[in-house]
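For reference, the structure is listed below as structure tokens.
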Amino acid sequence: MTTTPPPPGHEPPDPAGAQGSAEPPGPGRAPAGHPPEGRPAAVGRPVRPTGRAPWWHRTARLALPAGILAAGLFLTGFLTRPYQGAPGAAEARTGLLPLPLHEPGPDPFTASVARRTGPPAPHAAPRRPQTVRDLPGSLHGLYGGRRSTASCDTGRLIRYLQADLGRTAAFADTEGIEDTAVPEALRALTPVELRYDTRITAHGFLGGEATGYQAVMQAGTAVLVDGHGVPRVRCVGGTPLTPPVELKKAPPAEGQAWPGYDPGRTIAVRQTSAEVTDFVLVDPTTGRQFVRPRGTTGDADRTAP
């Protein structure tokens, strides 16, 4: 695995234990829709925004030039007005939402599948980048974890999604895979813990569809990462994740943050060109590094060379 030295002077933040699991969601819903045929059955590539194309994007055949002009003026006004979605809809958020490690976030997909892993070492003090940093997913020590212990219960997450076909379809759509490929894709992910406050596009489940919003996950959050080191699932809430979208201006304040939270001192994880074979993690209770092979859940952990 390619090694990129961490930013000088940075020490790992102080992760905390993840929230325990709860009961499965209620009765299943009808599928919200299936992704187009031909998508690869693998998680890990950037995906298109979810949701159906609005009716106003359809091309209308109008007989008279005057009708075309009138339609154009109407569409201009309609498309430039603010989003008027349902109150509380995650996609209506225009800011950067902080997600504390114990909070499921807006409209979670499932109950929590994060495992409580115990407190960090008492002497560990959280450190954060001085600016927003873009780091490769293969970086040694980018993520943490408890040796021989998985921070997420992947099997429970699969069972939650299989109990609701609508959620399965929406989850698959965010990742660009077929509905039937979701269990296999989740088993190929690796459970780790964030060591830095991390920018991401998170997705809630509302109205039968996935609704995306920009967020910062707190250091210590349990996530599942793909073979390129990119976070794909937030275990508290079963939230599907995709790479963050660049914000053109300073984000408005939203939600409740944790002490020391600063949106200007976060990281974003960059997808590596080659797949990661072994993740080098740091155990926050001991400060020691260990190796977790990709797609394993702690049973194959070994001491780092």
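Just grab the label-to-label distance for residue 296 and residue 246, each label 7 Å out from Cα along the Cβ direction, in nm (one decimal).
Those two pseudo-labels are separated by 3.9 nm.
Give me the one-decimal nm value for the distance between modelled label points at residue 162 and residue 184, 7 Å along each residue's Cα-to-Cβ direction.
1.5 nm
Would you mind telling me the antiparallel percentage of the DSSP bridges in region 91-303, rounded to 5?
So the antiparallel bridges amount to about 75 percent of the total.
Using only C-alpha atoms and all pairs of different ones, pull out the Kirkwood radius for region 91-303 in Å with one decimal. Provide the component values of the computation, followed by the final result.
Values: mean 1/r = 0.0582 Å⁻¹.
Mean inverse Cα-Cα distance, inverted, gives 17.2 Å.
Roughly how many nanometres apart are two label points built 7 Å out from the Cα toward the Cβ at residue 304 and residue 262?
Between residue 304 and residue 262, the label points sit 2.5 nm apart.
Since every read-out is calculated from the coordinates, none of them should be taken as a lab result. Bear in mind the structure is a predicted one, so any value in this text is a computation, not a measurement. Note that we place each Cβ from the backbone using ideal geometry, even for glycine, and neighbour counts take in every protein chain shown.
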